1. Using amide H atoms built in the peptide plane, which far-off residues or other-chain residues are under 5 Å from Thr148 H to H?
2. Can you work out D for segment 32-123 in µm² s⁻¹ from Stokes-Einstein, where Rh is the Kirkwood radius over C-alpha pairs, the temperature is 25 °C and the viscosity is 0.890 mPa s?
3. How tilted is helix 46-62 with respect to the longest principal axis of the chain? Cα atoms for both, answer in degrees (0 to 90, nearest 10).
4. Find how many whole Å separate the alpha carbon centroid of segment 126-162 from the alpha carbon centroid of segment 32-84.
5. Could you work out how far apart the two model spin labels at Ala180 and Ala80 are, taking each label as a point 7 Å from the Cα in the direction of the beta carbon, and quote it in nm?
6. Ignoring ligands, DNA and RNA, what percent of the accessible area of the chain is carbon or sulfur (1.4 Å)?
7. For the chain, what is the charge dipole size about the Cα centre, in debye to the nearest 20, if Lys and Arg each add +1 at the Cβ and Asp and Glu each add -1 at the Cβ?
8. How large is log10 of I(q)/I(0) for the chain at q = 0.12 Å⁻¹ when the intensity is taken from the Debye formula with one equal scatterer per alpha-carbon?
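The values are calculated or read from the model by the stated rules, or taken from the named source; none is laboratory data. Keep in mind it's a predicted model, so treat the numbers as computed, not measured. As a convention, Cβ positions derive from the backbone with ideal geometry for all residues, glycine included, and neighbour counts pool all protein chains shown. Remember, those area values only see protein heavy atoms, side chains included, never the ligands or the DNA or RNA. Shrake-Rupley method; radii C 1.70, N 1.55, O 1.52, S 1.80 Å.
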Amino acid sequence: MATAVPVERDAVAEAFPGPVREAELPGAVLHRTGGGPDVLAAGVGPALAAASTATALTAAALDGRPYGLVVSAGIAGGFAPHAPLGSLVVADEITAADLGAETTDGFLPVTDLGFGTVTHRPPETLVRAAATASGARTGTVLTVSTVTGTAARADALRARHPRALAEAMEGFGVAEAAAAHGVPVLEVRAVSNPVGPRDRAAWRIGDALAALTAGFGKLAPVLESWNRHDHR
C-alpha cells in the first residue's frame with residue numbers, strides 16, 4: 001500500500017530510514033523514502049496543503065501507482081489540560097473550525113448554511129490502531145486559517161467543539177484533497193504550545209518534533225500493515 005505523508009519531513013525520514021529520492025511536482029517536492037511512504041512538505045495553511053496534496057495524489061494516480069492512505073502530520077497547539085505539551089494526538093475527527101459565517105447569533109458552519117462539509121472522519125480501525133501503537137490521545141483536531149492568540153478565542157473554539165484536543169492549520173485541507181480522490185486520511189499531531197494567549201516563550205517546538213519522530217517510529221508498522229479493504 002502506498003502512503004503519502006504531508007509532514008515535517010525529518011520526522012518521517014527517521015521512522016523510515018533508507019535512501020530518499022526527490023521528485024519535482026508542480027509547486028511541490030515529493031520525497032520518496034526507501035521502503036516507506038512518500039513524504040510531502042505540504043506548506044502552511046489549509047489551501048496550500050490541499051493544493052499540494054491534490055497534486056501528489058493526481059501525479060500518483062496518473063503514474064499508475066495511486067496512494068492507499070494519506071497521513072497529515074506535524075505540530076499543533078493543544079487545548080489544556082486535555083492535550084499537554086509534548087503529547088501526541090490522533091484525530092478521530094478533522095474539522096474546519098472557521099469555515100462558515102459570523103452572524104449576530106454567533107458562528108454558523110457552512111453545513112448550517114446548507115452546503116459543504118466541515119468534518120472528515122478517518123477510519124475508526126486505523127485511528128484505534130495508531131493511538132494504541134503510539135500512546136496518543138484521540139479526539140477532534142481543528143483546522144484554522146488563523147492561529148488562536150487569545151483566551152477568549154480558545155474558550156469559544158472549545159465551547160463549539162467540546163471534543164477538540166488540538167488546533168493546526170493543514171489537516172482539513174489535506175483531508176479535502178484525499179476525499180476528492182477517495183483515499184482515506186489520518187491526522188497525527190504533536191503538541192508544541194497551548195491554545196490561547198500567544199506566548200512564543202512557552203512554545204516547545206523541539207520537544208514536539210521529538211515526540212512526533214518517536215510517534216512515527218511506533219506508527220510505522222501500523223501504516224505499513226493497514227489495508228483499507230480489510231476494514232470497511
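1. For Thr148, whose amide H was placed from the backbone, there are no distant partners under 5 Å.
2. After rounding, the answer is 152 µm²/s.
3. For 46-62 against the chain, the angle is about 20 degrees.
4. Between the Cα centre of segment 32-84 and that of segment 126-162, the gap is 18 Å.
5. Going by the 7 Å Cα→Cβ label model, 3.9 nm.
6. C and S atoms contribute 54 percent here.
7. Approximately 380 debye in magnitude.
8. -0.61
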